[in-house]
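Right, one structure below, let's go through it.
Readers should treat all values here as calculations from the given coordinates under stated rules, not as data from a laboratory. Just so it is clear, the structure is predicted and the values come from calculations on it, not from any experiment. When we count neighbours, we look across all protein chains shown, and the Cβ atoms used for this are built from the backbone with ideal geometry, even at glycine.
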Amino acid sequence: MAHTETPGPETPHEATRRLDAIVIGAGLGGLRALHEFRSKGLSVAAFEAAPDLGGTWYWNRYPGARTDSESWTYAYAFSQELQDEWDWPERFATQADMYAYLCFAAEKHGWRDHIEFDTRVSAATFDETTNRWTITTQDGRQFSAQFLVTALGLLSRPYIPAFAGINDFQGDWFVTGRWPSEGADLAGKRVAVIGTGATGVQAVPLVAKVADHVSVFQRTPNFVLPARNYTLTDFEREQIRRDYDEIWAMARRHPLGYAFPRANRRRGDVTPEEHRQVLEAGWEAGGFRFLYETFDDITTDPEANAIASEFVREKIRAIVKDPATAELLCPKDHPLGSKRPPLGHFYYEAFNRENVEIVDVSREPISRITPRGITVGNVEHEVDVIIFATGFDAGSGSYDLIDIRGRGGQALREAWASGARTHLGLMAHAFPNMFMISGPQSPFGNIPVVVEAAVTWIGRCVERMRASSIDAIEPRRSAVREWHERLTKFANMTVLPQGTRSWMLGGNIPGKAPDVLFYFGGVGTYVKACDAALENDLADFHTGRVRDTAAV
Ligand code: NA7
């Protein structure tokens, strides 16, 4: 470790190492935060549970894992060198490309020396007398810092339903979000894929190419939009490099942080024929362009949504040859965009293969896992391998795994028992100097753009604190309450509340308090809200020494 290690005589723990900042997590967000503190001359160390960096792009090595954002915008905007030197091979980056990109960035900026791998943080405690955080690692070591950054990942805690008999299964089983680095041997096997969210949808077509048979256990069909991936040419890469300033400017203006122009078109602006043509063009353009370059009111106007939803159903019926299978694949109980739409790489086409079948578990659920397979009702489906593509405990899920104690020993787990509460998705009341990246209540959208906004804000906040001799900061209760009201208002303006068991609202985890986990008001308005929070005399925050403000 190259970071500053000065034994802190005044700390209660002799072995405590003192730093300016501690970052938990070395994924895309944690690495960016590490860079921010280093570039400001602060001593910082990152702690990562995995043996290597990458976060999402370390763990999700399942067949077909890719970004759903166009690769050149799923990248760091802060580094001109990275933009100049890195070549994106395809429109949508594979897991391997993303991992290689993050390794390249780490090499270029010297990040690895400041990361402790294989190190899970089990606790983090704030001390009001010193205004510092002490973290404890699972192997019992302690480190202290004025600032704590939790870059725990938006979707990093895999969820596996508590199926009866799960431990009896005699075959191999894998969780997509914890895919073994040595890979999984699926060749010639009978494979079950449980789950048809973005992950299952990416995995099925590739698993089908090697497996003897694939049974896709589907509870809720999704609106799968065609990705239309392609290999980038040198010419396209040069164009992207040349246009990067405009690309990032566009992404920052876009509600979800994508470098797409607004459609500037609503349902009533066109004839039914034109409407159809626009949707066809969006379908051909691929990716989320179908949602965002066609009509601006697809997720807010029920009629515009109904037309787009029916359009996708027609496409499914046209692609899938067996009418019964096509009907099962057609979503009918939720509108397009109320659950996060997956991008497919020949997903619907996979159901035209002889070796792929759909098992409908919408009415009759999976009743148990047996030694030989999966039982639905009275029917046992015998398989050699089970792949759980059953999602994540999003947003707040990873926070429950660390015993985080703020002012007065308050436990974050308890503070958030009935729903996460933050200001701007960046800080929580009673947890001074703790900054969250891609945490609950941060904006929903293209992650690198959201991360850049958050980290820039954190860097400016820390600079401001140092310049004004503020040594502790935390949001006021009123600011936290207002942020929650704002989140709820924006979510309710859309089709989101109609999404059955949506992870965006915490609805996919049995027992989790349903709540709006993200800000859907747009990345642009989010950045403005962040800017405003740093101006206006930091009116949203208590500042100073926390023991002075603890009673407020
Ligand atoms: P998702 O989108 O949460 O999908 C999980 C899938 O697992 C979904 O189809 C669920 O069906 C299914 N599921 C969960 N529990 C069960 C049970 N008990 N029985 C049958 N099926 C079940 O997670 P992903 O990993 O695919 O995607 C998460 C995000 O990662 C994605 O949106 C991208 O942003 C990246 P349900 O819909 O609940 O009926």
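Calculated from DSSP H runs of 4 or more alone, at -39500 (n - 2.57) each and per residue, what is the 222 nm mean residue ellipticity of the chain, nearest 500?
One gets -9500 deg cm²/dmol as the mean residue ellipticity at 222 nm.
Take each uninterrupted DSSP H stretch in the chain, measure its Cα extent along the helix axis, and return the ones at 27 Å or beyond whose mean Kyte-Doolittle hydropathy is at least -0.5.
Sorted by number, the helices that extend far enough and score high enough are 447-467.
How big is the antiparallel share of DSSP beta bridges in the chain, given as a percent to the nearest 5?
Approximately 40 percent, going by the DSSP bridge assignments.
For Val462, what is the net charge nearby, where nearby means another residue's Cβ is under 13 Å from its Cβ and Lys, Arg count +1, Asp, Glu -1?
+1
Suppose we take every Cα in segment 115-209 and form the convex hull; what volume per residue is that in Å³?
175
So, by mean Cβ neighbours within 10 angstrom, what's the order for 322-330, 151-159 with the highest one leading?
Output ranking for 322-330, 151-159: 151-159, 322-330.
Give me the Debye-computed log₁₀ of I(q)/I(0) at q = 0.18 Å⁻¹ for segment 369-422, equal point scatterers on Cα only, no solvent, two decimals.
The computed values of log10 I(q)/I(0) come out as -0.67.
Along each principal axis of its Cα atoms, how long is segment 483-522 end to end? Whole angstroms, biggest number first, please.
That works out to 27, 19, 13 Å along the principal axes.
Apply the Karplus curve 6.51 cos²θ - 1.76 cosθ + 1.60, θ = phi - 60°, to the phi angles in segment 367-375 and return the couplings in whole Hz, x for Gly and Pro.
Residue by residue, segment 367-375 yields 8, 6, 9, 10, x, 10, x, 10, 9 Hz.
Please compute one quarter of the surface area of the Cα convex hull for segment 390-461 and express it in square nanometres.
Quarter of the Cα hull surface area: 5.4 nm².
What percentage of all Cα-Cα pairs in segment 238-331 are separated by more than 16 Å?
It works out to 62 percent of all Cα pairs.
How would you order 238-250, 286-298 from highest to lowest mean count of nearby Cβ atoms within 10 Å?
So the order, starting with the most tightly packed, is 286-298, 238-250.
Dividing the alpha-carbon Rg of the chain by 2.2 N^0.38 Å yields what?
Against the compact-globule rule of thumb, the ratio is 0.98.
First select every other residue whose beta carbon is under 15 angstrom from the beta carbon of Pro89; then total the charges, Lys and Arg +1, Asp and Glu -1.
Summing Lys and Arg as +1 and Asp and Glu as -1 gives -4.
Can you list residues whose amide H is under 5 Å from Leu19's amide H, if they're 5+ apart or on another chain and H is modeled 1.01 Å from N?
Amide H neighbours of Leu19, under 5 Å, 5+ apart: Ser144, Ala145, Gln146.
Pop out the ³J(HN,Hα) list for segment 495-510 in order, Karplus 6.51 cos²θ - 1.76 cosθ + 1.60 with θ = phi - 60°, rounded to Hz; leave Gly and Pro as x.
Once θ is set to phi - 60°, the couplings for segment 495-510 become 7, 3, x, 8, x, 5, 6, 7, 5, 5, 10, x, x, 8, 10, x Hz.
Check Ile386: other-chain or 5+ apart residues with amide H under 5 Å from its amide H, H built from backbone geometry?
Asp172, Trp173, Phe174, Ala192
Would you mind checking which residues have amide H under 5 Å from Phe541's amide H? H placed 1.01 Å from N; only 5 or more apart, or other chain.
Correct list: Arg476.
What nm distance separates the two modelled labels at Glu236 and Arg253, each placed 7 Å from Cα along Cα→Cβ?
2.4
Give, as a single signed number, the net charge of other residues whose beta carbon lies under 12 Å from the beta carbon of Gly165, with Lys and Arg counted +1 and Asp and Glu -1.
Summing Lys/Arg as +1 and Asp/Glu as -1 gives 0.
What percent does the relative contact order of segment 428-534 come to when contacts are Cα pairs within less than 8 Å and at least six residues apart?
Relative contact order here is 35 percent.
Which whole-percent values make up P(r) of segment 323-425 when all C-alpha to C-alpha distances are grouped in 10 Å steps starting at zero?
Going out from 0 Å in 10 Å bins, segment 323-425 shows 10, 26, 27, 20, 13, 3, 0 percent.
Can you run phi through the Karplus equation (6.51, -1.76, 1.60; θ = phi - 60°) for segment 64-73 and list ³J(HN,Hα) in whole Hz, with x for Gly and Pro?
Calculated HN-Hα couplings, in order: x, 5, 8, 6, 9, 9, 5, 3, 5, 9 Hz.
Find the Cα radius of gyration of segment 187-229, compare it with 2.2 N^0.38 Å by division, and give the number to two decimals.
1.18
With Rg and the Kirkwood Rh both taken from Cα atoms, where does Rg over Rh land for segment 394-552?
0.96
Any chance you could run the full-extension gain for Thr525 through Arg266? It's 0.36 nm times the residue separation minus the Cα-Cα distance, nm to one decimal.
Contour length minus the Cα-Cα distance gives 91.1 nm.
Average the reciprocal distances over every distinct pair of alpha-carbons in segment 31-151, invert the result, and give the Kirkwood radius in Å.
Computed over segment 31-151, the radius equals 15.9 Å.
How high is the relative contact order of the chain, given as a whole-number percent (alpha carbon pairs under 8 Å, six or more residues apart)?
Relative contact order for the chain comes out at 19 percent.
Taking Lys108 as the anchor, which lysines have their alpha carbon closer than 21 Å to its alpha carbon, excluding any fewer than eight residues away along the same chain?
Filter leaves Lys40.
With a bin width of 5 angstrom, please list the P(r) values of segment 281-346 as percents of all Cα-Cα pairs, from the 0 bin to the one holding the largest distance.
Binned Cα distances yield the sequence 3, 16, 27, 28, 17, 7, 1.
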